[in-house]
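All remarks here apply to the structure that follows.
The values are calculated or read from the model by the stated rules, or taken from the named source; none is laboratory data. What you see is a predicted model, and the numbers here were worked out from it, not measured in a lab. Note that we place each Cβ from the backbone using ideal geometry, even for glycine, and neighbour counts take in every protein chain shown. Note: accessible area is taken over every heavy atom of the protein model, side chains too, but ligands, DNA and RNA are not part of it. Shrake-Rupley method; radii C 1.70, N 1.55, O 1.52, S 1.80 Å.
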Amino acid sequence: MSSEERTPVAFSVAKADDPHMQPKAQNPKLAETLIGLVMLAGIGSLIGFAVAYGMNAQSWIMGGTLGAGVLFLGFGITAWGKYLMPQGPFVEERHTMRGNDDERERFKAAVVQRGGGILGRRKLLAMIAGAGMSAFAVVLVIPVFRSFGPLPGNTLNQTSWKQGTILVDSTGRPIRVNDIAVGGVVTVYPKGLENTDNGQAVDQTILIRVGTEAVVTQQGRESWGPNGYVAYSKLCTHLGCPVGLYEQQLELLVCPCHQSMFTVTNGAEPIFGPAPRPLPQLPLFVGSDGLLRAQGGYDQAVGPGFWNRETSG
Amino acid sequence: MAEKTKQQAKSSFGPVGKALDELDDRLGIAKGGRSLLDKIFPDHWSFMLGEVALYSFVILIGTGIFLTLFYVPSSTVVVYHGSYLPLVGQKVSQAYATSIDLTFSVRCGLLMRQMHHWACDIFLAAMVVHMARVFFTGAFRKPRELNYVLGSTLLILGIVEGFLGYSLPDDLVSGTGIRIAFSIIESIPVIGSYIAFFVFGGNYPGPQIIPRFFIIHVLLIPLIMLGMVTAHLFLLVHQKHTQFPGKGRTETNVVGTAMFPVFAAKATGFLFMVGGVITLLAGFAQINPIWQFGPYDASKISYAVQPDWYMGWLDGALRIWPAWEWTGFGYTWPLEIFIPGVVVPGLIFAVVQGWPVLERRYTKDNEIHNLLDLPRNRPKRTAAGAAVFALVTMMFIASSTDVIANYFHITLEAVLWSMRILVVVVPIITFFLTHKICQELQASQGAGKRKRANVVTRTPDGEYLSAPAEPRPGDEHVDLEPEPVPDFLEDPVVVRERKELLSPVSFTGVRNVVR
């Protein structure tokens, strides 16, 4: 459309002295100067950032210059909008969300009557199509989820500890019967698994020497603690954090996550905190070679509770 | 109209006008474009909170893209040979090694990482405060229930997204958090271990976590959030903003400043300001120093490490819940995890998200509401909201029982039992206290407004007379009657020289114009 054909437009014009068009600042000249200076400071700071970046300056210098630059610039622009631009107040009408009655009736008719009527004419087809959609959803969801991971099976009830497994520390060094002084504590793993995810996450066991004689932590565990050694699963029975703190004088194991406390000489019974069960104890023996070994696996699942947790195995 | 000026005769408004004509020929933008430029934004400081969230989200995306260019999401063990000397020669995961490298070897890397982390903390805080504003002023009422649900879902997604991101560097502390998440999922009756295995790709930790969490963190959830943010903003524009009652403001109009150029300038500047503050924080305030924590090893742990603030309330619940594991029907019911880890947060979010429906069922109010409530005028709602905040705050404080015990030299047991009691008692007290305060505020005339002094004079006869004092400058502020946005100014240059037409400058520096 060329300008000759244009019909004249009736513009609404604000008079220059219209109070709606006035800035908020009491002294626009001063405000303008200040805002200009603030924005200039921002630009200066941004240049400073470019220099700092070029010199590979320390992080706080780069962050300081960039942050100050952006902040000053933003402050200037906002202040311009807030103090020097017309503040109104202006008004606009809301159109209601609701359509008029006629529109609503026609819309509902199209959905319910026309659509529903046409679909309802073939009820059997509609049911089959619905069944198809449901089947698709089920078929889609199940294999997708199934591909995401193996079934748990009995995995959570098992560790790698077996009869005769040698206890090693995090560097892979086997623990000899005289290696640890009374009061000493070390995290041990099944030999060969000390650097694996599973060894660290599941099999991790805390070995404590509480004396020199055999330690009996509970009835039926007479042979489990030779030469003053006791070994417990290091996985907290609350949420599976490593029970990493040993209070030597009180002979307590403490979980740093939620402060569950377990008595070392009493079968790791929880005496405080949210842990519901004792830490499972690993039965030990001293081999003929003088190395500490496991008599077998744990007698129950290690770590936090879950649905099909086994208590003896 | 008589105002047929030179400007209008030329009327193409120069090259910009020409360009807009061409665009309108093709896209038909003139009508919608003009009404968008005229869109009115009501002015209130609390409407800025959502903007903080939006702008930190923008910064999160920007800094996040930067980080993905250097980070390698892999659990493969490598020997570290980077520029951070204390780690050289150690076996670490590739994820951890590249996180350290992008921190120390990439120029600006540390700054970008810290910006990302700070922006996340601010994003979530801003969402919480924004939601509080919407809740306490009743902005969620019809017709905006859907937008409220969108927004509160964004908060939940934000928490999940933050947790996943915090896990990616594979440092000692992040791994402990994932371990706890695994245990929480595992605690769900019947299907828990299945879900845990599907989410983690096997037993904890397995090689899948890092690459899987990475793609969820950088693609899946951000995409969903971006879509929801867009929908949130679209609904905001479509339904128009709510406003507080005031002069000329009704249920059927919006009063404030125009989108262009005034609100646009303020918003652009504010985006920069939010970015500036986040950058300054990232420059000066260290956050998540993963190089100090060391690489993850499932059998190691650090002491007194707290999660990011938005996870604290969940951790607090787990901490104070009694050890209620129950074995029955041949199965284990880890209620000491399931209730505080799944049921409690689930209930809190259900109440928060379902509030518009609950309130409508209670008040039987099916009207359209565009004018906001003052919180004091809705004592029950305000009290309920305050109680939920009190509950979550108490849970948050409970996540520091060990630190509190250490710091104040009280026994852990005393702190634990105090928190167990406070977490129940404080929200109840808060509810009734807030309810009472709201009622008192309603009853007191002119609460929140500046009081006019009384001048007492004594006549020569000894008679005392009392009269209101002269108003202080600024008290006589009278709002203008709102008008539609004009098409253009008569002569914009004149504005600054017409000072004499204006009323005297007020005490507070705000010009008062009395019409």
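Observations on the structure shown:
- Subset tally (residues that are in a strand (DSSP E or B), open to solvent by less than 10 Å² (accessible area, probe 1.4 Å) and of a type in the set (A, V, I, L, M, F, W, C)) for the stretch A:252-291: 3
- Filtering the stretch B:180-219 to residues that are open to solvent by less than 20 Å² (accessible area, probe 1.4 Å), within 21 Å of B:G312 (Cβ to Cβ), part of a helix (DSSP H, G or I) and facing chain A (nearest Cβ under 9 Å) leaves B:F182, B:S183.
- Taken together, the residues in the stretch A:75-114 that are free of Cβ contacts under 8 Å to residues at least 12 places away in the same chain and of a type outside the set (D, E) amount to 20.
- Selection status of A:L30, open to solvent by 60 Å² or more (accessible area, probe 1.4 Å), more than 9 Å from chain B (Cβ to nearest Cβ) and either over 24 Å from B:L271 (Cα atoms) or touching a residue at least 60 places away in the same chain (Cβ under 8 Å) (or both): yes
- The set of residues in the stretch A:225-240 being crowded, with 24+ Cβ neighbours inside 10 Å and either of a type outside the set (S, T, N, Q) or away from chain B (no Cβ under 14 Å) (or both) consists of A:G225, A:Y229, A:V230, A:A231, A:K234, A:L235, A:C236, A:H238, A:L239, A:G240.
- Identity of the residue in the stretch B:151-165, closer than 16 Å to B:G346 by Cβ and not hydrophobic (A, V, I, L, M, F, W, C), that ends up least open to solvent (accessible area, probe 1.4 Å): B:S152
- Residue match in the stretch B:129-150 (condition: among the basic types (K, R), part of a helix (DSSP H, G or I) and open to solvent by 20 Å² or more (accessible area, probe 1.4 Å)): yes
- Strands (runs of 3 or more DSSP E) fully within the stretch B:241-339 counting 2 or more residues that are more than 7 Å from chain A (Cβ to nearest Cβ) and not hydrophobic (A, V, I, L, M, F, W, C): B:326-328
- For the stretch A:150-183, a tally of residues being on the phi > 0 side of the Ramachandran plot and within 14 Å of chain B (Cβ to nearest Cβ) returns 2.
- Test result for B:D373, within 22 Å of B:I178 (Cβ to Cβ) and open to solvent by less than 40 Å² (accessible area, probe 1.4 Å): no
- Filter pass, B:Y296 being at pLDDT below 95, in the same structural domain as B:Y96 (by TED's automatic domain parsing) and touching a Gly at 6+ places or on another chain (Cβ under 6 Å): yes
- When B:R113 is tested against (1) more than 12 Å from chain A (Cβ to nearest Cβ); (2) in a helix (DSSP H, G or I); (3) more than 30 Å from A:P152 (Cβ to Cβ), only condition (1) is not met.
- Failed criterion for A:A50 (all others in (1) among the small types (G, A, S); (2) facing chain B (nearest Cβ under 7 Å); (3) surrounded by fewer than 20 Cβ atoms within 10 Å (Cβ to Cβ) hold): (2)
- Note on the stretch A:64-107: residues that are among the charged types (D, E, K, R), within 7 Å of chain B (Cβ to nearest Cβ) and part of a helix (DSSP H, G or I) total 1.
- For the stretch A:51-89, a residue qualifies if it is over 36 Å from the mean Cα position of the chain (by Cα) and of a type in the set (A, V, I, L, M), and the qualifying residues are A:V51, A:M55, A:I77, A:A79, A:L84, A:M85.
- Index of the failed condition, B:S174 passing every other in (1) over 30 Å from B:N370 (Cα atoms); (2) within 12 Å of another protein chain (Cβ to nearest Cβ); (3) not aliphatic (A, V, I, L, M): (2)
- Residue in the stretch A:35-45 that is among the small types (G, A, S), farther than 30 Å from B:H116 by Cα, surrounded by fewer than 20 Cβ atoms within 10 Å (Cβ to Cβ) and away from chain B (no Cβ under 11 Å) present: yes
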